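Each remark here refers to the structure printed beneath this line.
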Amino acid sequence: MDIANVKVGILGGGQLGKMLNYYGNHWHLPLFNLDKSENFPAGINAYHFTEGDFKNYDDVVAFGKEMDVITIEIEHVNIEALQYLESIGKIVHPCSEALITIKDKFLQNEFYAAHSLPTPEYKSFASRSDLLTSIQSHDTKLPLVQKTRGEGYDGRGVKVVDSMKDLSDLLEGPCIVETKTRIAKELAVIVARNDDGQVVCYDPVEMVFNDNNILEYLYTPANVSVDIQASLLKYAKSIIELYKISGLLAIEFFLDTDHQLWVNEVAPRPHNSGHHTIENAVTSQFEQHLRGILNLPLGDTTMLQPAAMINILGEEGYEGKPYYQGIEEVFKIPNVHVHLYGKPETRPHRKMGHITVCGNDRSEIEEKIKKISKIFKVISK
Ligand code: ADP
């Protein structure tokens, strides 16, 4: 691969695109982003930024035709355009076939069921009213989890229905319902592959929730048994092979209260659960994705130390130009790494950045997290 001349196009110019660009910059890789505005996070360090809509067929084709390799930092891109680009010989990673399955939660679950991978029991419904009728006639039992078939993101396309009084909150549109898993732990594994068939995994990460069930931090190494760890890695390797994906695949799992693992969903790109790899792994997930899509030898995934990642979210009650209150205090804490995405406006719960907290053990890391959550907030003045 002639990395001084290969043109790599990324559909998307958000924070994941920005962090991919940063690693592309290390190699002076000609890396191009397509997204609506150059003011998006990746606009700052793109080799070249094209303004356009990654959901629009013509925009994606016009952009992709100039590239040698095309990848994504978000799944919800125009698939027909990717299929066309593949048909004219462009390298597209992840391939359109995998993306079609992954974009639709029903097809994803069908895929796991067809390959005898453990996925919660599921049914599909054409509309909210079909689902309501099925619940009211006792064909579908509560509790359940409703998921829209199309664009869900960060929990927005997901509704947990515990009792009849939750029915007024059901989501509109085609959906699936899954039986509600009794979750003991939510886990994620990032796995990478290249076209030569090399496959490597990062250590599993565990999501830690607070008492109100809000994600507090992600932690690695996940506190699971050696057997569970081995099963996670085995599933991750076989799922990336089955999808025939080159580049990264992040896989979210549930471990239930009976110690059974379930595959929840996947994302074929860099992922929130791998941000800690920037400081904490020999090879960051972003560099690994570039290695994977360019069919370069994959990098060492060894973790250097225990670590946690906290998302920096816009504080409730504040909108406008962000002000990072208490950031100097955060910089005083050793082995803590701040990443700001450069979004021009903060909004409640908007992802404005992340912080990787490294340390010798979990209690040291938790102490640091406690301190950070006390002193640091994104507000606007
Ligand atoms: P998103 O794509 O929005 O991240 P997920 O499928 O990961 O959606 O679901 C969001 C959250 O909803 C999960 O992290 C989990 O806490 C809960 N959830 C999803 N599916 C189930 C299920 N089958 N059983 C129990 N909880 C679930």
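Can you give the longest run of the chain that contains no GluC sites (Glu not before Pro) sitting in a DSSP loop with at most 16 other Cβ atoms inside 10 Å?
Values: sites that count: 38, 66, 121, 151, 172, 316, 319, 345.
It works out to 173-315.
Please list, by residue number, every one of the trypsin sites (Lys or Arg not before Pro) in segment 132-232 that is coil in DSSP and has at most 12 other beta-carbon atoms within 10 Å. Before the final figure, lay out each step's value.
Details: sites: 141, 147, 149, 156, 159, 165, 180, 182, 185, 193; in loops: 141, 149, 156, 180, 182.
In loop regions of segment 132-232 (DSSP not H, G, I, E or B), the sparsely surrounded trypsin sites (Lys or Arg not before Pro) are 141, 156, 182.
Whole angstrom only: what separates the Cα centroid of segment 157-181 from the Cα centroid of segment 332-347?
35 Å
Binning at 5 angstrom from zero up to the longest distance, how are the C-alpha pair distances of segment 215-259 distributed in percent?
5, 16, 26, 24, 17, 11, 2
By the gyration tensor of its Cα atoms, with a ≥ b ≥ c the square roots of the eigenvalues, what is the shape of segment 1-91: rounded for a/c under 1.5, prolate for a/b over b/c, or oblate?
Oblate, since a/c reaches 1.5 and b/c is not below a/b.
Take every DSSP beta bridge with both residues inside segment 231-381 and express the antiparallel ones as a percent of the total, to the nearest 5.
Values: 24 of 25 bridges.
Among the beta bridges of segment 231-381, antiparallel pairing accounts for roughly 95 percent.
What percent of all Cα-Cα pairs in segment 274-381 falls in each 5 Å bin, counting up from 0?
2, 12, 20, 19, 16, 14, 9, 6, 2, 0
Give me the mean projected area, in nm² to one decimal, of the convex hull enclosing the Cα positions of segment 75-164. Don't skip to the end; give the middle numbers.
Numbers: hull surface 29.2 nm².
That works out to 7.3 nm², a quarter of the Cα hull's surface.
Which value in nm describes the separation of the simple spin-label points at residue 212 and residue 303, placed 7 Å from the Cα toward the beta carbon?
For residue 212 paired with residue 303, the spin-label model returns 2.8 nm.
Using a Cα-Cα cut-off of under 27 Å, which lysines could be cross-linked to residue 377, ignoring same-chain neighbours fewer than 8 residues away?
18, 321, 332, 343, 351, 368
GNM on the chain, C-alpha springs below 10 Å: top fluctuator among 292, 353, 320?
Answer for the Gaussian network model of the chain: 320.
Rounded to the nearest 0.05, what FRET efficiency do residue 195 and residue 110 give with R0 = 35 Å and r taken as the Cβ-Cβ distance? Could you check? Numbers along the way, then the final one.
Working: r = 26 Å, r/R0 = 0.74.
Using R0 = 35 Å, I get an efficiency of 0.85.
Loop only by DSSP, 10 or fewer other Cβ within 10 Å of the Cβ. Give me the trypsin sites (Lys or Arg not before Pro) in segment 280-355 that pass, ordered by residue number.
On the way: sites: 291, 332, 350, 351; in loops: 332, 350.
Passing sites in segment 280-355 are 332.
Quick one: net charge around residue 358, please, counting Lys, Arg +1 and Asp, Glu -1 for every other residue with C-beta under 13 Å from its C-beta.
Working: positive: 362, 368; negative: 279, 361, 364, 366, 367.
My count for the surroundings of residue 358 gives -3.
In vacuo Debye scattering of segment 51-209, one point per C-alpha: log10 I(q)/I(0) at q = 0.12, 0.13 Å⁻¹?
At q = 0.12, 0.13 Å⁻¹ the computed log10 ratios are -0.69, -0.79.
Quick one: Kirkwood hydrodynamic radius for segment 213-300, alpha-carbon pairs, angstrom, one decimal?
On the way: mean 1/r = 0.0702 Å⁻¹.
Answer for segment 213-300: a Kirkwood hydrodynamic radius of 14.2 Å.
What is the Cα convex hull volume of segment 140-299 when expressed per residue in Å³? Could the numbers behind the result be given before it?
On the way: hull volume 20.5 nm³, N = 160.
Roughly 128 Å³ of hull volume per residue.
Please list, short to long, the whole-number percent of alpha-carbon pairs of the chain in consecutive 10 angstrom bins beginning at zero.
5, 22, 32, 28, 12, 1, 0
Pull out a ≥ b ≥ c, the square roots of the eigenvalues of the alpha-carbon gyration tensor of segment 279-320, then state rounded if a/c is under 1.5, prolate if not and a/b is larger than b/c, and oblate in the remaining case. Can you show the working numbers first?
Details: a/c = 6.68, a/b = 1.94, b/c = 3.45.
It is oblate, given that a/c is not under 1.5 and a/b is not larger than b/c.
Per DSSP H run of n ≥ 4, the term is -39500 (n - 2.57); total these for the chain, divide by its residue number, and report the mean residue ellipticity at 222 nm rounded to 500 deg cm²/dmol. Present the calculation step by step, with values, prior to reporting the outcome.
Numbers: 11 runs with 107 residues, N = 381.
Mean residue ellipticity, 222 nm, calculated: -8000 deg cm²/dmol.
From Cα pairs below 8 angstrom and at least 6 apart in sequence, can you work out the relative contact order of the chain, rounded to a whole percent? Don't jump to the answer; show the numbers that get you there.
Values: 836 pairs, mean separation 47.3, N = 381.
Contact order relative to length: 12 percent.
Values in this text are rule-based calculations from the coordinates and carry no lab data. Computed from a predicted structure; not experimentally measured. With ideal geometry, Cβ positions are generated from the backbone for all residues, glycine too; neighbour counts draw on all protein chains shown.
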